[in-house]
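Engineer: This is the structure I want to talk about, given as C-alpha cells.
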Amino acid sequence: MIIYDLFPLIAGPMSQWDGHFGRAKAMGFDWIFLNPIQKTGASRSLYSIADYFAVNPRLLDPRSGVGDDEQVRRMTASAHAAGMKVMIDLVINHCAVDSSLTRDHPEWFVRAADGRIMNPSCIHEGQTVVWCDLAQFDHRNTRDSEGLYRYCLSVVEHLASLGFDGFRCDAAYQIPSALWSRLVREARDRRPGLAFVAETLGCTAEQTKDTARAGFDFVFNSSKWWNYQDSWLLDGYNLVRDTTPSISFAESHDTPRLAEELNGNTNGLKQRYLFSALFSAGVMIPAGFEFGMRKSLSVVDTSPSDWSESGADLRDFIARVNAIKRDHPIFQEDGPTSFLACANPAILLMRKSSGRSGGDALLILNKDMWNHQEFYTDHLRHFLPAGTALRDVSPEFPLDTVHEPFHYALRPGQGIVLLAAKS
C-alpha cells in the first residue's frame, strides 16, 4: 500500500477532490485514505461520530443536485477512475458522547462506578488525556455483544456500499481480536477483497502481536519517531513481520507537521520519506506533506483555507521514491532487515532481504540533514552477498556504475539505494 491521506477538512466538499486524486496518482500513490466523513457530534471532531450513516455537512456540496450518499459514491468512483482504491477510517471503539446511540443502546457503553458513560483516555507524556466528547463502546463486557457487533458490521457494509475498498481501523488494539477476526471474515464473505489495516500505535508489544493476528492486511509501525539508532524499531518490526506487514509514515494527521519540526529543512523531509518508504511494506503521507506544509492538521478546525503550496515542492522526489517501491518487490514486503555498523556514525546502513522474490538491497542514508558525510568501503560485499550484480536505483543522482572500492560524499539527507540481484 502506497497511501495518500486526503484529510477531508483541508480538501473541502467532495465534489472538489478530483484535483487531489490526480496529484496523488501522479506521485505514484495507489490508495487514498480518508479520515472519518460521517456526521459529527457537538465537538465537531471528525473522530466524534454521532451518526455512522449520515455524511458530515462540511464535506457536502449543496449545489450538487444529488443526495448525500450519492455524493460519496461519486467521490469514490472518481478515485477509482483515477486508478486508486479508497480506504476510510473505521471508528468503532467509541462514538460521540451526544450520539443517539448512548440513549437508544445504553448497554453498549463502558460505565463508571457511578453509572455514567466512560470517556476514552490515554497516557501522553506521563499525563492522562481524556476525550470528554467521546463515549467508549464496551466490546468486552456488554450484555448485548451480538447487537453491538451487528451494528459495527452494518457500518462496514454501509461504507463498502458507498464504494470504499478498505478500512483503517482506529485504535484497533482497544477492541478484542476475536471480534476483529469475525468482523473481517464476515465482511469479506459479503464483499471479497476488502482491506483492513490496524492502527496499533501506543499499545504494548503483546497487544500489537495479538491484533496483528486478527486477520489484518497491515498494521502501522512507529518508524516516524525512530532516532536512527535505538533497537526498539527493529524489535517491533520483527515481532509481527511474519504475521502482518507494516506501514510507515513520516508524519500523520495526529503528529506535528514534519516541515515544522525540521524548520523547513527539505533535505530532512526527503530523508524521512525515503526511509519510511523503503523500511516497510507500506508507506503513507498526509495531504500537504508534498508541499512542506507546516500548519498541523486539526480534526476540528482545519479548513480548505489552510491549504498552501508556498513551501517545498517534493512531488517529483516522492514520485521517484514511490516508483522504486512499485518497481522492486523487495520494498513491498517486510523482509529480513538489519542495521549495519558503519565507521561514520552519521551514516545509516540498512540491509533488506527478500523472503519472496530473492535478492538484497542496501540503503546508505546520510542522517545529517545539514552537512555532507563521507562513506567509504573497500568492498560492498561487507554489506551485501557475494556473487551479485549491483545496481543503483536511488531517487536522486543514481550512479551508472557502482565501483569498488566505494567512496562517496553524501549530500545532506541523501540516500543511496543499491540492489543486489543474483547474477
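The values are calculated or read from the model by the stated rules, or taken from the named source; none is laboratory data. Here the structure is a predicted model, which means the values were calculated and not measured. Glycine gets a Cβ as well: all are built from the backbone with ideal geometry, and neighbour counts include every protein chain shown.
Engineer: Which number in (1) closer than 30 Å to residue 41 by Cα; (2) at pLDDT below 95; (3) small (Gly, Ala, Ser) marks the one condition that residue 335 misses?
Structural biologist: (1)
Engineer: Limited to segment 374-423, what total is found for residues that are among the basic types (Lys, Arg) and at pLDDT 95 or above?
Structural biologist: The total comes to 1.
Engineer: Now a separate question. For segment 116-168, give me the residue count where each residue is surrounded by fewer than 12 Cβ atoms within 10 Å (Cβ to Cβ) and in contact with a helix residue (DSSP H, G or I) (Cβ under 8 Å, 6 or more places away or on another chain).
Structural biologist: The number of residues fulfilling the criteria is 1.
Engineer: Do you know which residues across segment 176-204 are out of contact with any helix residue (DSSP H, G or I) (no Cβ under 7 Å at 6 or more places or on another chain) and surrounded by 22 or more Cβ atoms within 10 Å (Cβ to Cβ)?
Structural biologist: 197 - this is the single residue of segment 176-204 that is out of contact with any helix residue (DSSP H, G or I) (no Cβ under 7 Å at 6 or more places or on another chain) and surrounded by 22 or more Cβ atoms within 10 Å (Cβ to Cβ).
Engineer: Filter segment 42-56 down to residues that are surrounded by fewer than 20 Cβ atoms within 10 Å (Cβ to Cβ) and touching a residue at least 60 places away in the same chain (Cβ under 8 Å), then give me how many there are.
Structural biologist: Summing the residues that are surrounded by fewer than 20 Cβ atoms within 10 Å (Cβ to Cβ) and touching a residue at least 60 places away in the same chain (Cβ under 8 Å) in segment 42-56 gives 5.
Engineer: For segment 150-203, which positions are within 23 Å of residue 286 (Cα to Cα) and either assigned to a loop (DSSP other than H, G, I, E, B) or not assigned by TED's automatic domain parsing to the domain that holds residue 76 (or both)?
Structural biologist: Answer for segment 150-203, where residues must be within 23 Å of residue 286 (Cα to Cα) and either assigned to a loop (DSSP other than H, G, I, E, B) or not assigned by TED's automatic domain parsing to the domain that holds residue 76 (or both): 162, 163, 164, 165, 170, 171, 194, 199, 200, 201, 202, 203.
Engineer: Still on this structure: Of the residues 321, 283, 300, which is over 26 Å from residue 420 (Cα atoms) and among the β-branched types (Val, Ile, Thr)?
Structural biologist: Testing whether each residue is over 26 Å from residue 420 (Cα atoms) and among the β-branched types (Val, Ile, Thr) leaves just 300.
Engineer: Which of the residues that make up segment 302-322 are touching a residue at least 40 places away in the same chain (Cβ under 8 Å), more than 20 Å from residue 1 (Cβ to Cβ) and not hydrophobic (A, V, I, L, M, F, W, C)?
Structural biologist: Let us first name the residues in segment 302-322 that are touching a residue at least 40 places away in the same chain (Cβ under 8 Å), namely 302-304, 306-307, 311-312, 314-315, 317-322.
Applying the additional criterion that residues be more than 20 Å from residue 1 (Cβ to Cβ) yields 302-304, 306-307, 311-312.
Of everything in segment 302-322, those that are touching a residue at least 40 places away in the same chain (Cβ under 8 Å), more than 20 Å from residue 1 (Cβ to Cβ) and not hydrophobic (A, V, I, L, M, F, W, C) turn out to be 302, 303, 304, 306, 311.
Engineer: Are any residues in segment 298-341 among the acidic types (Asp, Glu) and either within 18 Å of the chain's Cα centre (by Cα) or within 27 Å of residue 256 (Cα to Cα) (or both), and if so, which ones?
Structural biologist: Listed by number, the residues that qualify are 301, 306, 309, 313, 316, 333, 334.
Engineer: Starting from segment 350-377, take each residue that is part of a loop (DSSP other than H, G, I, E, B) and list its partners that are β-branched (Val, Ile, Thr), counting only C-beta distances under 8 angstrom and pairs at least six apart or across chains.
Structural biologist: Taking only residues 6 or more apart or on different chains, the pairs are 354/330; 357/330; 359/330; 359/388; 367/347.
Engineer: Being part of a strand (DSSP E or B) and either out of contact with any Asp or Glu (no Cβ under 8 Å at 6 or more places or on another chain) or of a type in the set (A, V, I, L, M) (or both) is the filter; apply it to segment 378-391 and report the residue that is surrounded by the fewest Cβ atoms within 10 Å (Cβ to Cβ).
Structural biologist: Restricting to residues being part of a strand (DSSP E or B) and either out of contact with any Asp or Glu (no Cβ under 8 Å at 6 or more places or on another chain) or of a type in the set (A, V, I, L, M) (or both), the top hit is 389.
Residues checked against (1) in the same structural domain as residue 394 (by TED's automatic domain parsing); (2) more than 25 Å from residue 399 (Cβ to Cβ):
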{"position": "297", "(1), (2)": "no, yes"}
{"position": "306", "(1), (2)": "no, yes"}
{"position": "315", "(1), (2)": "no, no"}
{"position": "320", "(1), (2)": "no, no"}
{"position": "326", "(1), (2)": "no, no"}
{"position": "361", "(1), (2)": "yes, no"}
{"position": "372", "(1), (2)": "yes, no"}
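Engineer: Tell me, please, whether a residue that is out of contact with any strand residue (DSSP E or B) (no Cβ under 6 Å at 6 or more places or on another chain) and more than 30 Å from residue 22 (Cα to Cα) can be found in segment 317-340.
Structural biologist: No, every residue in segment 317-340 fails to be out of contact with any strand residue (DSSP E or B) (no Cβ under 6 Å at 6 or more places or on another chain) and more than 30 Å from residue 22 (Cα to Cα).
Engineer: Do any residues in segment 142-153 that are closer than 13 Å to residue 107 by Cβ have Cβ atoms under 9 Å from those of residues that are aromatic (Phe, Trp, Tyr) and not in a helix (DSSP H, G or I), where the two are at least six apart or on different chains, and which pairs are they?
Structural biologist: Close Cβ pairs satisfying both conditions: 142/109; 148/137; 151/52.
Engineer: Please report, ordered by residue number, the strands (runs of 3 or more DSSP E) entirely within segment 212-296 with at least 2 residues that are within 20 Å of residue 328 (Cβ to Cβ).
Structural biologist: 246-249, 282-286
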